[in-house]
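These notes are about the structure you will find just below.
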Amino acid sequence: MTRRPLVAGNWKMNGLRASLAEIKAMGAAYDEALRARAELIVCPPATLIAPAAEAASRGGLGLGGQNCHAAENGAHTGDISAEMLKDAGASYVIVGHSERRADHGETDAIVQAKAAAALRAGLTPIICVGETRAEREAGDALGVVGEQIEGSLPADAPEQIVVAYEPVWAIGTGLTPTLADVAQMHAFARERIEARLGRGKSATVRILYGGSVKPANARELMGVANVDGALVGGASLTAKDFMAIAAAYR
Ligand code: PGA
C-alpha cells in the first residue's frame with residue numbers, strides 16, 4: 001500500500017503579507033525530486049490564502065485553511081465557509097485542532113460537521129485528534145483518540161481524508177512521544193479509522209503526526225510505521241525549517 005506522504009504547515013494566528021516571502025521561498029524550494037516523494041501544503045491564516053495561492057502557484061505547493069464553518073453561507077458573522085476557502089485557492093482545511101476544541105468548545109459532532117462541509121466543498125479535511133497530558137497519564141490515550149475518531153470522522157467519508165494525531169501535550173512544548181508510543185497510536189488509529197469507514201478504506205487514509213515536529217526529529221518520526229507525514233506548527237513559519245522537515249522524505 002503506497003500512501004503519498006503529506007507535510008502540512010499550520011501557521012495558526014501568525015502571518016502578515018510580509019510572510020508571503022516565506023511561502024514563495026517554500027514554493028521555489030519544492031523541487032521535482034521532492035514533489036515525487038511528498039506532498040507539501042501550508043495553512044496560513046485565511047487572510048493570506050488568496051495571495052499565498054498566487055505566490056505559491058508555480059511550485060506546486062498546496063494551500064489549506066485552519067478551520068471552516070459547517071454551513072455553506074449565511075448569517076454567521078465572522079465565520080468562513082469551506083466554499084470560501086476553496087474559492088480563495090485552498091484544497092485542504094484543518095478541522096478539530098485541539099486549540100479550537102479547547103478555545104471554541106468544538107465537540108466531536110461539530111468537528112464531524114465541519115469535515116463533512118469540507119468534503120461538500122471539494123476540500124480534503126485534515127481531522128485532528130489527540131489526548132491531553134492528564135488523559136495520557138491516566139492511561140486513557142488510546143481510548144480518547146479512538147472516541148474522537150469515531151465521533152469526528154463522517155461515516156461516509158472517502159479514503160482521501162487525512163487524520164492528524166497530535167498529542168495536546170506535545171504541541172508547542174518541544175516534547176514528543178516515544179517512537180514506540182507513536183507507532184502504537186498510529187496503528188491503533190488506522191484500526192479505528194477502518195472500523196469507522198469500513199471496506200478497506202483506512203489503507204489509503206494518511207495519518208499525520210503533529211506536535212513539536214522539528215528538522216532535528218522529523219526523520220525519525222516520519223520513519224515510524226503508519227506515519228504518513230507531519231502537521232507542523234511553529235517550525236512551518238520559515239521556509240528554512242519547513243523545507244528541512246520536508247527533506248526527511250528526500
Ligand atoms: P507545533 O504545533 O509544531 O508548534 O508543536 C503543531 C500543531 O499544533 O499543529
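Could you say which residue among Pro51, Pro44 is over 19 Å from the mean Cα position of the chain (by Cα) and not β-branched (Val, Ile, Thr)?
Of the residues listed, the single one that is over 19 Å from the mean Cα position of the chain (by Cα) and not β-branched (Val, Ile, Thr) is Pro51.
If I filter segment 167-222 down to residues being of a type in the set (Lys, Arg) and at pLDDT 95 or above, which single residue comes out as surrounded by the most Cβ atoms within 10 Å (Cβ to Cβ)? Let's see the steps before the verdict.
Residues of segment 167-222 of a type in the set (Lys, Arg): 190, 192, 196, 199, 201, 206, 214, 219.
Narrowing further to those that are at pLDDT 95 or above: 190, 192, 196, 206, 214, 219.
On the way: Arg190: 19, Arg192: 20, Arg196: 20, Arg206: 22, Lys214: 16, Arg219: 13.
Selected residue: Arg206.
Take the conditions out of contact with any Leu (no Cβ under 8 Å at 6 or more places or on another chain) and at positive phi and apply them to Gly198. Does it pass? Spell out the reasoning first.
Numbers: out of contact with any Leu (no Cβ under 8 Å at 6 or more places or on another chain): yes; at positive phi: yes.
Considered against the rule, which asks whether it is out of contact with any Leu (no Cβ under 8 Å at 6 or more places or on another chain) and at positive phi, Gly198 comes out as yes.
Do you know which residues across segment 215-248 are under 15 Å from the mean Cα position of the chain (by Cα) and among the hydroxyl-bearing types (Ser, Thr, Tyr)?
Ser236
With respect to Ala82, is the statement that it is more than 19 Å from Arg17 (Cβ to Cβ), in contact with a Pro (Cβ under 9 Å, 6 or more places away or on another chain) and surrounded by fewer than 22 Cβ atoms within 10 Å (Cβ to Cβ) true? Before the answer, list the steps.
On the way: more than 19 Å from Arg17 (Cβ to Cβ): yes; in contact with a Pro (Cβ under 9 Å, 6 or more places away or on another chain): yes; surrounded by fewer than 22 Cβ atoms within 10 Å (Cβ to Cβ): no.
Judged against the criteria, Ala82 is not a match.
Determine, yes or no, whether Ala138 is touching a residue at least 24 places away in the same chain (Cβ under 8 Å) and either under 13 Å from the mean Cα position of the chain (by Cα) or more than 14 Å from the ligand (Cβ to nearest atom) (or both). Even if it seems obvious, please write down each step before you answer.
Numbers: touching a residue at least 24 places away in the same chain (Cβ under 8 Å): no; either under 13 Å from the mean Cα position of the chain (by Cα) or more than 14 Å from the ligand (Cβ to nearest atom) (or both): yes.
No, not satisfied.
Any residue at all in segment 159-166 that is within 16 Å of the ligand (Cβ to nearest atom), under 27 Å from Trp11 (Cβ atoms) and surrounded by fewer than 21 Cβ atoms within 10 Å (Cβ to Cβ)?
So in segment 159-166, the residues within 16 Å of the ligand (Cβ to nearest atom) come out as 162-166.
Pick out the ones that are also under 27 Å from Trp11 (Cβ atoms) and you get 162-166.
Next, from what is left, pick out any that are surrounded by fewer than 21 Cβ atoms within 10 Å (Cβ to Cβ): none.
Within segment 159-166 (the criterion being within 16 Å of the ligand (Cβ to nearest atom), under 27 Å from Trp11 (Cβ atoms) and surrounded by fewer than 21 Cβ atoms within 10 Å (Cβ to Cβ)), the answer is no, since none of the residues qualifies.
Filter segment 132-181 for residues that are in a helix (DSSP H, G or I) and of a type in the set (A, V, I, L, M) and give the result. Walk me through how you get there before you give the answer.
Pass one, segment 132-181, residues in a helix (DSSP H, G or I): 133-137, 141-152, 168-170, 179-181.
The answer is Ala134, Ala141, Leu142, Val144, Val145, Ile149, Val168, Ala170, Leu179, Ala180.
Restricting to segment 30-43, name every residue that is closer than 22 Å to Gln160 by Cα, out of contact with any strand residue (DSSP E or B) (no Cβ under 7 Å at 6 or more places or on another chain) and assigned to a loop (DSSP other than H, G, I, E, B). Full working, then the answer.
Within segment 30-43, the subset closer than 22 Å to Gln160 by Cα is 34-43.
Restricting the remaining residues to those that are out of contact with any strand residue (DSSP E or B) (no Cβ under 7 Å at 6 or more places or on another chain) gives 34-37.
Listed by number, the residues that qualify are Ala36, Arg37.
Every residue in segment 182-200 that is touching a residue at least 24 places away in the same chain (Cβ under 8 Å) and either over 16 Å from Glu150 (Cα atoms) or in contact with a helix residue (DSSP H, G or I) (Cβ under 7 Å, 6 or more places away or on another chain) (or both), please.
Applying the first criterion (touching a residue at least 24 places away in the same chain (Cβ under 8 Å)) to segment 182-200 yields 182-190, 192-193, 195-197.
Once the filter is applied, which keeps residues that are touching a residue at least 24 places away in the same chain (Cβ under 8 Å) and either over 16 Å from Glu150 (Cα atoms) or in contact with a helix residue (DSSP H, G or I) (Cβ under 7 Å, 6 or more places away or on another chain) (or both), segment 182-200 yields Val182, Ala183, Gln184, Met185, Phe188, Ala189, Arg190, Arg192, Ile193, Arg196.
With the structure loaded, tell me whether Gly146 is modelled with pLDDT of 95 or more and surrounded by fewer than 15 Cβ atoms within 10 Å (Cβ to Cβ) or whether it fails that test. It would help to see each step written out before you state the result.
On the way: modelled with pLDDT of 95 or more: yes; surrounded by fewer than 15 Cβ atoms within 10 Å (Cβ to Cβ): no.
Judged against the criteria, Gly146 is not a match.
What pairs can you find where one residue is in segment 107-130 and touching a residue at least 60 places away in the same chain (Cβ under 8 Å) and on the phi > 0 side of the Ramachandran plot, the other is in a helix (DSSP H, G or I) and not hydrophobic (A, V, I, L, M, F, W, C), and their Cβ atoms are less than 9 Å apart, with a gap of 6+ or different chains?
Note: pairs meeting the criteria are Gly130/Ser98; Gly130/Gln148.
Ala33 - would you say it is under 23 Å from Gly210 (Cα atoms), of a type in the set (A, V, I, L, M, F, W, C) and away from the ligand (no atom under 16 Å from the Cβ)? Before the answer, list the steps.
Numbers: under 23 Å from Gly210 (Cα atoms): no; of a type in the set (A, V, I, L, M, F, W, C): yes; away from the ligand (no atom under 16 Å from the Cβ): yes.
Judged against the criteria, Ala33 is not a match.
The values are calculated or read from the model by the stated rules, or taken from the named source; none is laboratory data. The model shown is predicted, which means the values in this text are computed figures rather than measured ones. Positions of Cβ are generated from backbone atoms using ideal geometry, with glycine treated the same way; all protein chains shown enter the neighbour counts.
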